[in-house]
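Engineer: I'd like to ask some things about the structure below.
Rule-based calculations on the coordinates, nothing more; no lab input. The structure displayed is predicted, hence computed values, not measured ones. When we count neighbours, we look across all protein chains shown, and the Cβ atoms used for this are built from the backbone with ideal geometry, even at glycine.
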Amino acid sequence: MTKKTEPATAPELLFSGADWDFNTLKATYDAIEDIAINDLKLDVYPNQVEVITSEQMLDAYSSIGMPLMYHHWSFGKRFVRDDVMYRKGYQGLAYEIVINSNPCISYVMEENTIVMQALVIAHAAFGHNHFFKNNYLFKQWTDAEGILDYLQFAKRYIAKCEDRFGFDAVERVLDAAHALMEQGVNRYSHPEKPNLAAELERERERAKYEDETYNDLWRTLPQAEKDDEDLDEMRRKMRVEERRAQFGLPEENLLYFLEKNAPTLQAWEREILRIVRNIGQYFYPQKQTKMMNEGCACYVHYAIMNSLYDKGLISEGAMMEFIDYHSRVVFQAEYDDPRYSGFNPYALGFAMMQDIHRICVDPTEEDRKWFPDIAGNNAPVETLKEAWAHYRDESFILQFLSPKLMRDMRMFLIDDLSSSPHLEVAAIHDDNGYRKVRRALARMHDISVREPDMQVVDVDLRGNRQLYIQHTEHDGIRLEKSEAEMTLGYIGQLWGYGVTLQAVDNETGEILHEMNFTPEDLANT
């Protein structure tokens, strides 16, 4: 007599309809986590998912996405602008905000449907989370363990300075520091990671000394009016090379140089510069990996949502809603579309991740020629995880952008030279053209090209304490005059003396033009 077997029962749907409660959200999170950890083998920080209102999301926007942030007028201005635009329907809100911290904090809006919450959790809590934890730039340059403690310290410290020295005085320093934040990062040397205990100890040590004792060099410098023979002889012996060595010049991090060497800054002002440059350093890897980071998160959420559907855990209706949201995220406008503003990093990133997956499992002869190391290896997820760990946007494009994807996205290269009356199509779809297009697109993602190359190169100690900053011009691109003047004013405000900005040609080293900020300008600011 044979035993009768019971028919297999279909798995129960995680949810039906658009509404959700915390039990539904927890069950959905658990199902997503199972796929991310056990199927995709992602390596993530512990997750902390926060459900917030649209107003709280706008507030998070205004404070550059951080859960703890000191007060500054620019944050309030940004909040009012975004709030008005959102209420009038001129702009939407981000689906999520995710913090590179340990635990990894993901913000989701309570107004989202349950399908959107599932997408957001897969995208942020597992896609971005894995990228934050494993990419080499984040591992080398940011401190996920300490960033939240550091932000809490920064908020308390600046509030205390406002109470003690006045709101206007603190705002004046913050305005200047924020204006120079892009030039307040270490691009090549390894920075010191912010650490709460170290910052508190540094604050106590600085409080013991008068401002002038912060830097012995400035304290011991002779005053300009003392002009005897010994001083003249000493000044003559202070050669340019010695000065540069004494100050560690050239110095790419303007805020670091000003924090350590500005002769007129008080201790609390130096600490604020340090806070701002540490926050700028925290965001530096994110600026270099925008396309890869979003491409990784889109690939992960797409794989997870499809897996939920394949396992019978979400309905066809939910899948259709997901596809609608996903298509909006990875939409790429055509060049003649009014909405076109360059390549959408979500679209390009997701397309490259999907293309690498295709090359690994179903390569063409062209793929085998261009990517012999990965073509047909049948390990797409492992290949992608290796790429996510070891590349940034520029190098990722140089390594993995395929001819097929260039054709699919209809990429070509145009040279638009000011010296030529005509546009020239410089690269089309042939072997040589593919390589030119790839190099040009990678260069567009190179942060050293997108941001001005400015360095402190000299300090004149022979009486006037003039600070010399050099801007290296690439491809004849100059700084916009009004912005350069404003930036020079902020540097002069922090330095306390005259500042000279020299524009230097990248190829010849020739000084093309100069701009000056004088002590008289400082008196008028």
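Engineer: Of the GluC sites (Glu not before Pro) in the stretch 476-525, which ones lie in a loop per DSSP and count no more than 14 other C-beta atoms within 10 Å? Walk me through the intermediate numbers first.
Structural biologist: On the way: sites: 480, 483, 485, 507, 510, 514, 520; in loops: 480, 507, 510.
Here the sparse-neighbourhood loop sites are 480, 507, 510.
Engineer: Read phi for every residue in the stretch 44-56 and hand back ³J(HN,Hα) as whole Hz from Karplus 6.51 cos²θ - 1.76 cosθ + 1.60, θ = phi - 60°, with x for Gly and Pro.
Structural biologist: 10, 6, x, 9, 10, 9, 10, 8, 10, 7, 5, 5, 5
Engineer: List the trypsin sites (Lys or Arg not before Pro) in the stretch 304-364 that DSSP assigns to loop (not H, G, I, E or B) and whose Cβ has at most 10 other Cβ atoms within 10 Å. Which are they? Walk me through the numbers on the way to the answer.
Structural biologist: Values: sites: 311, 328, 339, 358; in loops: 311, 339.
Sites meeting the loop and neighbour criteria: 339.
Engineer: Taking 28 Å as the cut-off for C-alpha to C-alpha distance, list the pairs among 290/436; 287/369; 160/481; 160/287 that go past it.
Structural biologist: Values: 290/436 22 Å; 287/369 32 Å; 160/481 37 Å; 160/287 31 Å.
Pairs exceeding 28 Å: 287/369; 160/481; 160/287.
Engineer: For the stretch 444-455, what does the Karplus curve 6.51 cos²θ - 1.76 cosθ + 1.60, with θ = phi - 60°, yield as ³J(HN,Hα) per residue in whole Hz, taken in order and with x for Gly and Pro?
Structural biologist: Values per residue, Gly and Pro as x: 5, 9, 7, 5, 5, 8, 6, 10, x, 8, 10, 9 Hz.
Engineer: Another question, if that's okay. Roughly speaking, what is the stretch gain from residue 395 to residue 245, that is 0.36 nm per residue apart minus the C-alpha to C-alpha distance, in nm to one decimal?
Structural biologist: Values: separation 150, 0.36 × 150 = 54.00 nm, distance 3.33 nm.
Net length gain for the segment: 50.7 nm.
Engineer: Calculate, for residue 444 and residue 373, the FRET efficiency according to 1/(1 + (r/R0)^6) with r their C-beta to C-beta distance and R0 25 Å; round to the nearest 0.05.
Structural biologist: Numbers: r = 25 Å, r/R0 = 1.01.
Taking R0 as 25 Å, the efficiency between residue 444 and residue 373 is 0.50.
Engineer: Separate question: In sequence order, what are the phi-derived ³J(HN,Hα) couplings for the stretch 506-519 according to the Karplus relation 6.51 cos²θ - 1.76 cosθ + 1.60 with θ = phi - 60°, rounded to whole Hz, with x for glycine and proline?
Structural biologist: With coefficients 6.51, -1.76 and 1.60, one gets 5, 8, 9, x, 6, 6, 7, 6, 10, 9, 10, 10, 9, x Hz.
Engineer: Can you compute the modelled spin-label distance between residue 30 and residue 365, with each label point 7 Å from Cα toward Cβ, in nm?
Structural biologist: Computed distance between label sites residue 30 and residue 365 equals 5.3 nm.
Engineer: At 7 Å along Cα-to-Cβ for each site, give me the label-to-label distance between residue 486 and residue 38 in nm.
Structural biologist: For the pair residue 486/residue 38, the computed spacing is 5.5 nm.
Engineer: Taking amide H positions as placed in the peptide plane 1.01 Å from N, state which residues far from residue 50 in sequence (5 or more) or on other chains have amide H under 5 Å from it.
Structural biologist: Correct list: 106, 107, 108.
Engineer: Would you please name the GluC sites (Glu not before Pro) within the stretch 306-338 that are DSSP coil residues with at most 10 other C-beta atoms within 10 Å of their C-beta? Show your work: numbers first, answer last.
Structural biologist: On the way: sites: 316, 321, 334; in loops: 334.
Filter output for the stretch 306-338: 334.
Engineer: Quote the relative contact order of the stretch 330-448 in percent (integer), defining contacts as alpha-carbon pairs under 8 Å separated by 6+ residues.
Structural biologist: On the way: 114 pairs, mean separation 21.9, N = 119.
Relative contact order here is 18 percent.
Engineer: According to a simple spin-label model (label point 7 Å from Cα along Cα-to-Cβ), what is the distance in nm between residue 357 and residue 172?
Structural biologist: 5.7
Engineer: Under 5 Å between amide hydrogens, which residues at least 5 positions from residue 512 or on another chain qualify, with H placed 1.01 Å from N in the peptide plane?
Structural biologist: HN-HN under 5 Å from residue 512: 503, 504, 505.
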